[in-house]
Amino acid sequence: MFLINCPFCGERDQSEFSSGGEAHIVRPKQPTELSDDEWAEYLFMRKNIKGIQFERWNHVHGCRKWFNVVRDTSNDKILSVYKMGEKPPVNYK
Amino acid sequence: MPNYRIHKTEYIDETKRVSFKYDGKTYFGYEGDTLASALLANGIHLVGRSFKYHRPRGIVSCGAEEPNAICQIGSKKDLTEPNVRATELELYEGLEASSQNCWPNVKFDIGGINNFISPLIPAGFYYKTFMWPKSFWKKVYEPLIRLSAGLGKSPTEPDPDIYDHKHVHYDVLVIGGGVSGIIAAKMAAKNNLKTLLVDDKKILGGSTIYQNNESIKIDDKLSSEWLKNEIQEIKKLSNLTIKTRTSIAAYHGYNFLLAKENLTDHLPEEKKKNKIRQRLWKIRAKKVVIATGSIERPLVFNNNDRPGILLSNSINKYLDYYGVTCGENIILFTNNDSAYETSISLHKKGIKNIIVDLRKSASSKLIKQAESLGIKIYFNHVVTNTFGYRKINSLEIMKLSEDGNTTIGDKIKLSCDCLGMSGGWTPMVHMHTQSGGKLDFRDEDQVFLPKENSEDKISVGSCNGDFDLENIIDKTVNKINKFLDIDNQDYQDTNIICSKENDKRNIWLLPNKIPLGKTKCFIDFQNDSTAKDIKLALKEGFRSIEHVKRYTTTGMATDQGKLSNMHALGIIADTAGVKMGTLGTTTFRPPFTPLTFGTLVGRNVGKFFEVVRKTSMHEWHVENNAEFENVGQWKRPWYYPKNGENMHDAVQRESKAARDSAGILDASTLGKIDIQGTDASEFLNRVYTNAWSKLAIGKCRYGLMLNEDGMVYDDGVTTRISENHYLMTTTTGGAANVLSKLEDYLQTEWPELDVYLTSVTDHYSTASICGPNSKKILNKLFPNLDLSDENFPHMSFKEEKLENINCRIMRISFTGEQSYEINIESKYGHSLWKMCIEAGKEFNLTPYGTETMHLLRAEKGFIIVGQDTDGTMTPSDLQMDWIVSKKKYDFIGKRSLYRSDTIREDRKQLVGLLTDDPKEILEEGAQIVSDIKTKPIDMLGHVTSSYFSPNLNKSIALAVVRSGKTMKGQKLIIPMENKNINVTVSDTIFLDKENKRLNA
Ligand SMILES: [Zn+2]
């Protein structure tokens, strides 16, 4: 069970959070301009990395804020947390 | 009665005699005994029958690894517990235990016949034998297996005991209170770290606490005496918490561990009452020290499973801790030095014993000590067979060949009444691997060891493969200093004297002149699998340890192979000719020992099982005999039966009253989200399919919300309260998810929008009054409110006071009738409801529940998201194209509405169905077809909603049907178990297509 450091509240038990999948997938500004394939790319395609993964988490039973997490899926270590809108830490790529 | 208690120890209180029943017979033991030690003191070894062959089985060990002495405790329907290990169960006055695996009784039983037909029960027996005929499984095979196999009995009534959960945080958690755990805990706590030490036994000290050999000393004292001092010391430390009778059940990531504390299992019945039985500790520790020790291995030879054959070290513990000898003429069979400690201990108490040692020769302090005591030792010998049916009475040994692959020379027959075996020691790496740790293999003594120690966990003592006392203490001290980054000098000058083992010889499957197929060399005692089974599995092509394990069921019993896994691996490695370290191990899964469901569930039973949400009108519904329906966590009135009505009759009455005069519904559970901010209108434009910018203040609008994939997600009416203030309603079940979804978009995609969302579901209570007389009732409640259609038309909103309390009134309708929803602060909800009922009396205002609501809306063809939709329906599939804005550039899900798949004409689409026989009510979920002759039958769709409408006096249904939009008037068939029902596709609106009733 993870211990997640919410950027707004501090360390909390994983049971207070919900995971929101891969981070940094931006909703297209002009969906109508996209082909079916391009739209499907946004809608369905997600990475499932063994290793360092960027994820969205929501402190759903706390401050209800969304934020980003850098997690190594091979050992579940959370390497970094940062707020929405912030750039991912450059040392993880 | 025989008495095998031969001397006093400080752990057995002979002043406190305890009576207990085992298999219906009364025996006596003492406070401090386990059930196993008390049985052995009474000379009882035979405690059950083996799982497959029903061979007599005896107590093998003295701890959690026990495979045979598995008991059923108690016989009450609500208080009986299966799978309890007699070796762990502390004796208490009034204990009633029975052997679990021996129907009809332990001494003679039907299953014993299996022993003689055992050639017919090979590996994979269950897979091969009980596969066919299939019809036999339920009625013949399963009851037979269950009856004759020791699966124990579950209680059949609710557990009356109380269980508890506790969350704790520590700097350091130490698992295991043996010598290394005690040292680690002391070092941590003395260095100002908040420390928790847990041990599954009643007292601390592990196996050192009863150690009494003169050649093992610390600071010139017996190691047990030295350790007792240490225990006294640590009990004084203020920041150390010690929990005995507490075992770690699971070690999860991020140092989150679950522990079970036994609080009353050792108490007499009358003292257990009204106390918490077991407590589940949920532990977060910054650092974890694993000091779980090791367990002795059995040896694999022919007939190694007779009662009276125990692990050698267990014989030692029964003797020196419990004062009980397991026999009077004991043979110890070993491949290492530890059996010599047992031998010397037995010798000291005057118990005759001899040693059979696999090793060609060996020399160490212990061996010299045994030799000098005149104990007979057969080096380079192996036990080849044992005899005695209900208990061992003799055995045969033979000399080993140079390479150890075969036996040579003559058989020597030796008589005995007990055999101790020691195949070396297996470090308990369960905790390490459960936490994600990897293992290394050490060839020298064939053990798996923790591979790495991380910043937040470390293994010390014999679970880390350090076996002699000097090694254990020195390494523990050094490692803990480093691990905790401290400089503790307490053990700097500790002087340790011990015996060092110099010689090793390991043979996983001991050689025998008899062909393997004719032997019974047990590996897994509890699941009855033998070396032959493993070899057969390999012959049949199984290679992976995980497959062999499942095929032979080795290691799959309640003891999870604590005694058997290593031998299974060893034999596979030897047979396949590979190095054991390359095979890997099976996965060690939690729990380490079985947990009761009660412990896992804790207090969350009965009314605490799940959170229940009640509206402020709930008490009124209860007083008026409502039947309730669970909608999410909400209790909603389902229908209000009068004078013994059934649901059908009540719903017919309620729905007729609502259309003929007036009905009232508690609509408080609908999700309510308060939306404010200068961009609120723009926000609604983006989340709903229709346009919101032009909605006038004081008006309401129905909205449909999609997922980004274009499928209908939720619906509801939203009211514009002021320029930048809206009140959104959602479905009852969808409220929390809708809020989360909206927050997601707001925070992550559109942070530039000035919008604030607040859930106000619980803040307002809602009474919804509908029907032709609803306006008259409203007029009585709000005499100053102009209710004319001009001033207060359908889909509009007014604020008005009821007495002094502000109400928000929406004229909106989910029934097709003229209808008003009155919202009031929840604390006034109950009063509002009662005032409505009072005002409605002269108009037969009838309270109705969710069932009538569903019927009334179905008559109008209004969908219920989640009933008529299932996450695969677009607005167009629901024939609701009218609500999708063509003008808006974008909204959630818009782009998906013209993907190649969503524009297919032959998608399942919502239609109405009318049965040819108007009295016939369809079953919701029933399949719909057009042709029942062509096989396989092509399924076109299914019924989503179905009712008998009293207002139309006929059956109506909604359904989703492939290409349904084009099928109006077409005949379809609903095949049921015993008949086919003919239906005609109709419009989805069955009543008042012109919406005249809204303004009637
Ligand atoms: Zn937070």
- Item | Dipole magnitude of the protein assembly as shown about its Cα centre (Cβ charges: Lys, Arg +1; Asp, Glu -1), debye to nearest 20 | 1940 debye
- Message: Calculate the FRET efficiency for residue B:954 and residue B:803 from the Cβ-Cβ distance with a Förster distance of 60 Å, rounded to the nearest 0.05.
- Response: 0.85
- Query: If R0 is 51 Å, what FRET efficiency do you get for residue B:642 and residue B:601 from their C-beta distance, rounded to 0.05?
  - Reply: 0.85
- Note on the structure: Measuring from the longest principal axis of the C-alpha atoms of chain B, the long axis of helix B:850-859 (C-alpha) lies at a number of degrees, nearest 10, equal to 50 degrees
- Note on the structure: Between the modelled labels at residue A:50 and residue B:394 (7 Å from Cα along Cα→Cβ) the distance in nm is 5.9 nm
- Any chance you could run the full-extension gain for residue B:971 through residue B:475? It's 0.36 nm times the residue separation minus the Cα-Cα distance, nm to one decimal. 170.2 nm
- Rounded D (µm²/s) - the protein assembly as shown, Kirkwood Rh over Cα pairs, Stokes-Einstein at 25 °C, 0.890 mPa s: 70 µm²/s
- Message: Can you tell me what share of the DSSP beta bridges in the protein assembly as shown is antiparallel? A percent to the nearest 5 is fine.
- Response: 75 percent
- Message: Averaged across orientations, what area in nm² does the convex hull of the alpha carbons in the range A:3-92 project?
- Response: 6.7 nm²
- Item | Set of the range A:47-73 residues, backbone N closer than 15 Å to the point 7 Å along the Cα-Cβ line of residue A:91 | A:70-72
- Query: For the range B:385-398, what does the Karplus curve 6.51 cos²θ - 1.76 cosθ + 1.60, with θ = phi - 60°, yield as ³J(HN,Hα) per residue in whole Hz, taken in order and with x for Gly and Pro?
  - Reply: 6, 10, 9, x, 7, 8, 7, 4, 10, 6, 8, 10, 10, 9
- Message: Less than 9 Å Cβ to Cβ from residue B:641, Lys/Arg counted +1 and Asp/Glu -1: what total charge do the surrounding residues give?
- Response: -2
- Query: Calculated FRET efficiency, residue B:513 and residue B:452, Cβ-Cβ r, R0 45 Å, to nearest 0.05?
  - Reply: 0.50
- Helix B:565-576 sits off the longest principal axis of the Cα atoms of chain B, rounded to the nearest 10 on a 0 to 90 degree scale, by 80 degrees
- Message: Within a 10 angstrom radius of the beta carbon, how do B:183, B:572, B:162 rank from fewest other beta carbons to most?
- Response: B:162, B:572, B:183
- Any residue on another chain or 5+ positions along whose placed amide H is under 5 Å from the amide H of residue B:796 is listed here as B:700, B:811
- Extended-chain gain in nm, criterion 0.36 nm per residue less alpha-carbon gap, residue B:929 and residue B:363: 195.3 nm
- Using Cα atoms only, what is the angle between the long axis of helix B:179-190 and the major principal axis of chain B, expressed in degrees (0 to 90) to the nearest 10? 60 degrees
- Item | Segments B:672-683, B:894-905 sorted - mean Cβ within 10 Å per residue, highest first | B:672-683, B:894-905
- Can you work out ³J(HN,Hα) from phi for every residue in the range B:741-748, in order, using Karplus 6.51 cos²θ - 1.76 cosθ + 1.60 and θ = phi - 60°, giving whole Hz and x for Gly and Pro? 5, 5, 4, 4, 4, 5, 7, 10
- How much net charge surrounds residue B:842 when only the other residues with a Cβ under 12 Å from the Cβ of residue B:842 are counted, with Lys and Arg +1 and Asp and Glu -1? +2
- Message: With just the Cα atoms defining each centre, how far is the range B:268-325 from the range B:40-70? Give it in Å.
- Response: 14 Å
- Report relative contact order for the range B:730-814 in percent, whole number only (criteria: Cα-Cα under 8 Å, sequence separation at least 6). 16 percent
- For the range B:58-65, in order, what is each residue's ³J(HN,Hα) by Karplus, 6.51 cos²θ - 1.76 cosθ + 1.60 with θ = phi - 60°, in whole Hz (x at glycine and Pro)? x, 5, 10, 9, 10, x, 5, 7
- Task: Going by C-beta contacts inside 10 Å, put B:796, B:564, B:238 in order with the fewest on the left.
- Result: B:238, B:796, B:564
- Per-residue Cβ neighbour rank within 10 angstrom, fewest leading, B:720, B:442: B:442, B:720
- Query: In debye to the nearest 20, how big a dipole does chain B give about its Cα centre with +1 on each Lys and Arg Cβ and -1 on each Asp and Glu Cβ?
  - Reply: 2140 debye
- Message: Based on Cα coordinates alone, diagonalise the gyration tensor for the range B:898-999, multiply each eigenvalue by 5, take square roots, and list the semi-axes in whole Å, largest first.
- Response: 24, 20, 10
- Semi-axes in Å, largest first, for the range B:393-443 (Cα gyration tensor, √(5λ)) are 37, 18, 5
- Sort out for me the Cα centre separation of the range B:924-945 from the range B:784-842, rounded to whole Å. 44 Å
- Item | Kirkwood hydrodynamic radius of chain B, from inverse mean 1/r over distinct Cα pairs, in Å | 34.1 Å
- Regarding the range B:611-709, what is the average projected area of its C-alpha convex hull, in nm²? 10.1 nm²
- Most to least packed among B:423-429, B:886-892 [average Cβ atoms within 10 Å]: B:423-429, B:886-892
- Task: May I ask for the distance between the Cα centers of the range B:509-555 and the range B:649-715, given as a whole number of Å?
- Result: 66 Å
- Just add up the charged neighbours of residue B:961: K/R +1, D/E -1, any other residue whose Cβ is under 11 Å from the Cβ of residue B:961. +3
- Item | Distance (nanometres) between label positions extended 7 Å along Cα→Cβ at residue A:19 and residue B:219 | 5.1 nm
- Message: Which entries of B:317/B:365; B:166/B:287; B:887/B:968; B:933/B:979; B:8/B:475 have Cα-Cα distances beyond 24 Å here?
- Response: B:887/B:968; B:8/B:475
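Read-outs: derived from the displayed coordinates by stated rules, not from any lab. Computed from a prediction, not measured in an experiment: that's the story for all the values here. We place every Cβ from the backbone using ideal geometry, glycine too, and count neighbours over all the protein chains shown.
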